[in-house]
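The values are calculated or read from the model by the stated rules, or taken from the named source; none is laboratory data. Given the structure is predicted, the values throughout are model-derived calculations rather than measurements. Backbone-built Cβ (ideal geometry, glycine too); neighbour counts: all protein chains shown. When the accessible area is computed, the model is the full protein with side chains, heavy atoms only, and any ligands, DNA or RNA have been set aside. Shrake-Rupley method; radii C 1.70, N 1.55, O 1.52, S 1.80 Å.
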Amino acid sequence: MITLRAKKYLTNSQLLLLLGIFLFAIYPLWLTATQRADSHDTSQAAIRVGLTKPIETTLPIDYPWPSTRTISAAVHRGLHSTDGDGRPLLVESIPTLDNGGVRYEGTRVTITYHLRNGLRWSDGRAVTSSDVKFTFNFMERVANTAGSQHSAVERIDTPDDRTVVVTTRPGRPLVDLDRLLSGVVLPEHVLRGMTKEDLDTSIFPLRPVGLGPYVVTEWRYVGETSEYDRSGVKAVSPNDLWPAIQVITLEANPFFAGRRPASERIIVSVIPDERRLIEEFISGTIDIVSDDSLLVSLEEIDRIQIDGLVATAPGFKWERLDFNLQHPALGDSRVRKAIAHAINRERLVNEALGAFGSVMSSWLPSSHWAHTPVLQEYTYDPGYASRLLSEAGYVSDKDGFASRNGQHLMLTLYVATGNDVRWRVANLIRDDLRNIGISVTVRPIAAEALLGPRGLLASHTFDLALFSWEMDTIESDAINLWHSASIPSISNNWHGDNFSGWTHPANDSLLEKSAAAHTLTERFTIYHRQQELFASSLPVLPLFEYQRVALVSSRIEGFSLLAGQMSCMWNVEEWRRVGNES
């Protein structure tokens, strides 16, 4: 019996030993085969998107930051949203005069939308016309800019669950309408009764119920755990996400009105160091770098200029030099024009942006439908610039400074921080103006301190200011930028973006007429004349426009960067991974 037990024990040991040797021998083969299979089955692999700017919300409310627009396009859709083939997603057709959806009734306009049948929110609830009306009223309550946006609309009617009828106020037919209704529709059953304070403290802006192709399933960020501890939203330590400070996971929305997304999962990482983000792209950790994240190191793209990796498109973003017209010298248009002729804008573009920028010929970007080239006369001509200063009463003293009544022409140029390109441009401007005797001190300033509600621009406590601007709808931008009623002041609660303080009755009249124009042809004619007045007065010197630039891995198909300011994720549902993983 003892012998039998010993024999049985030895036999089991040998079997275990042989099994271990066998598994050890085949494990590398199994692992290789598994990895090979995984590398060929890439359809379910997540697509990884990188940005540099933090994302605070998915909601495109007020004037959203580019990073907000990026993620908003993945989780929200509006009445004017279309798929990659141009077909409306939420409505049967986009209303136009030709199809009868837009009708003029005296000085009023009615716009009728018919929702597609069977629309559902990402939580499965049915979408109705009441959601559209609710969105309008909700935005009016919570959006800081709702006053100007909503002023065009007199009422919204919902005669049935699938019909929305918008009626404009007399003489205000189309101003801001597209912006109000095209960006997002919000769920009444989730947000009913919420105030702005409720919204700001709710989880909805981070994990919304929406109509986009994706839903947010997880939102991780570097911060104190006590700030958030809710389902799907989690504060973590820096080491958990490094080099990112935010990681947001998006998964396909099963109720999306368009074609089912080609990729089941999108992972968005916010990596604030642009150079590090580019390194992550080169290494393959990031598949796509959003176009709004490439502002500092455009010159570095040359070293990764591989076929299919760099996507470009004309943009609506431009760099501007603002004059404070309340300044004793800058209130004289001859001085402003002298500065324009003294600055070599071609050199600014070549040294700062290269092929990724171009000199502005109007305040409207060249790809805009209303663009009229009116600034060609402002060529680089230091000699003519000096003559203009002489006409304005300035003479060159023994030290070469432009002086009038014994006072040197000395200006301070405030520069919005956060962009190496802009800082380089500011110093080139300083050198160019010194060549005609104008002394310029360059001072960096945080964007909020410059552009905020009580910042230097709104309070008119600056000489010169250098910062970027991005177009939205032309009517809202034109009126807010150039109408005299949009000069920020305590009387209008600091509303408006006419920072230079430009006042021109003919310009005001043209802008008001454009808001009431019925056709695109009428509006183009009006804006052509408005741009001519702008060039003649020159309250602001448009310097150059930025090219949109994104980085896209050769492993990704379906990515398309459009002209203008539309989010690079406008057709995210068509993105797909192809080929083998490296």
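Below are the figures for this structure:
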{"item": "Residues satisfying the stated conditions in the range 406-419, i.e. open to solvent by 30 Å² or more (accessible area, probe 1.4 Å), in contact with a helix residue (DSSP H, G or I) (Cβ under 9 Å, 6 or more places away or on another chain) and at pLDDT below 95", "result": "T417, G418"}
{"item": "Index of the failed condition, T412 passing every other in (1) free of Cβ contacts under 8 Å to residues at least 12 places away in the same chain; (2) in contact with a Ser or Thr (Cβ under 6 Å, 6 or more places away or on another chain); (3) of a type outside the set (A, V, I, L, M)", "result": "(1)"}
{"item": "Whichever residue in the range 46-85 is free of Cβ contacts under 8 Å to residues at least 40 places away in the same chain and out of contact with any helix residue (DSSP H, G or I) (no Cβ under 8 Å at 6 or more places or on another chain) and, among such residues, is surrounded by the most Cβ atoms within 10 Å (Cβ to Cβ)", "result": "T68"}
{"item": "Yes/no for A449 being open to solvent by 10 Å² or more (accessible area, probe 1.4 Å) and in a helix (DSSP H, G or I)", "result": "yes"}
{"item": "Every pair of residues 6+ apart whose Cβ atoms lie under 8 Å, when the first sits in the range 490-504 and is in a loop (DSSP other than H, G, I, E, B) while the second is open to solvent by 50 Å² or more (accessible area, probe 1.4 Å)", "result": "W494/P453; W494/R454; H495/G147; G496/A485; G501/Q326"}
{"item": "Of all residues in the range 487-539 being among the aromatic types (F, W, Y) and out of contact with any Lys or Arg (no Cβ under 8 Å at 6 or more places or on another chain), the one that is nearest to S362 (Cα to Cα)", "result": "F534"}
{"item": "Candidate set: the range 101-135, residues that are closer than 23 Å to G258 by Cβ and charged (D, E, K, R); chosen: the one most open to solvent (accessible area, probe 1.4 Å)", "result": "R125"}
{"item": "Elements of type strands (runs of 3 or more DSSP E) contained in the range 286-405, each with 1 or more residues being open to solvent by 40 Å² or more (accessible area, probe 1.4 Å) and at pLDDT below 90", "result": "310-323"}
{"item": "Count of residues meeting criterion [loosely packed, with under 12 Cβ neighbours inside 10 Å and touching a Phe, Trp or Tyr at 6+ places or on another chain (Cβ under 8 Å)] in the range 88-100", "result": "0"}
{"item": "Residue that is in contact (Cβ under 8 Å) with a residue 40 or more places away in the chain, more than 30 Å from G212 (Cα to Cα) and among the hydrophobic types (A, V, I, L, M, F, W, C), where the choices are F524, F559", "result": "F524"}
{"item": "Residue under evaluation N427, criteria (1) open to solvent by less than 10 Å² (accessible area, probe 1.4 Å); (2) under 29 Å from the mean Cα position of the chain (by Cα), criterion not met", "result": "(1)"}
{"item": "Unique residue being open to solvent by 20 Å² or more (accessible area, probe 1.4 Å), modelled with pLDDT of 90 or more and either touching a strand residue (DSSP E or B) at 6+ places or on another chain (Cβ under 8 Å) or of a type outside the set (S, T, N, Q) (or both) when the list is V165, V216", "result": "V165"}
{"item": "Any hit, the range 507-514, residues being assigned to a loop (DSSP other than H, G, I, E, B) and surrounded by fewer than 22 Cβ atoms within 10 Å (Cβ to Cβ)", "result": "no"}
{"item": "Members of the range 554-568 found to be within 20 Å of E274 (Cβ to Cβ) and open to solvent by less than 10 Å² (accessible area, probe 1.4 Å), listed by number", "result": "C568"}
{"item": "Complete set of residues in the range 452-467 that are open to solvent by 10 Å² or more (accessible area, probe 1.4 Å) and modelled with pLDDT of 90 or more", "result": "L456, S459, H460, T461, D463"}
{"item": "Residues (within 20 Å of the chain's Cα centre (by Cα), open to solvent by 60 Å² or more (accessible area, probe 1.4 Å) and not acidic (D, E)) located in the range 246-274", "result": "P272"}
{"item": "Residue within the range 275-285 that is at pLDDT below 95, of a type in the set (A, V, I, L, M) and open to solvent by 40 Å² or more (accessible area, probe 1.4 Å) present", "result": "yes"}
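One line per residue, one yes/no per condition, for (1) more than 25 Å from the chain's Cα centre (by Cα); (2) closer than 23 Å to R424 by Cα; (3) hydrophobic (A, V, I, L, M, F, W, C):
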site: L348; (1), (2), (3): no, yes, yes
site: A355; (1), (2), (3): no, yes, yes
site: L364; (1), (2), (3): no, no, yes
site: Y384; (1), (2), (3): yes, no, no
site: R387; (1), (2), (3): yes, no, no
site: D397; (1), (2), (3): yes, no, no
site: R404; (1), (2), (3): yes, no, no
site: M410; (1), (2), (3): yes, yes, yes
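To keep it simple, each residue is scored yes or no on (1) open to solvent by 20 Å² or more (accessible area, probe 1.4 Å); (2) within 30 Å of I429 (Cα to Cα); (3) of a type in the set (A, V, I, L, M, F, W, C).
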site: W469; (1), (2), (3): yes, yes, yes
site: D477; (1), (2), (3): no, yes, no
site: W494; (1), (2), (3): yes, yes, yes
site: A516; (1), (2), (3): yes, no, yes
site: Y527; (1), (2), (3): no, yes, no
site: E532; (1), (2), (3): yes, yes, no
site: L541; (1), (2), (3): no, yes, yes
site: Y546; (1), (2), (3): no, yes, no
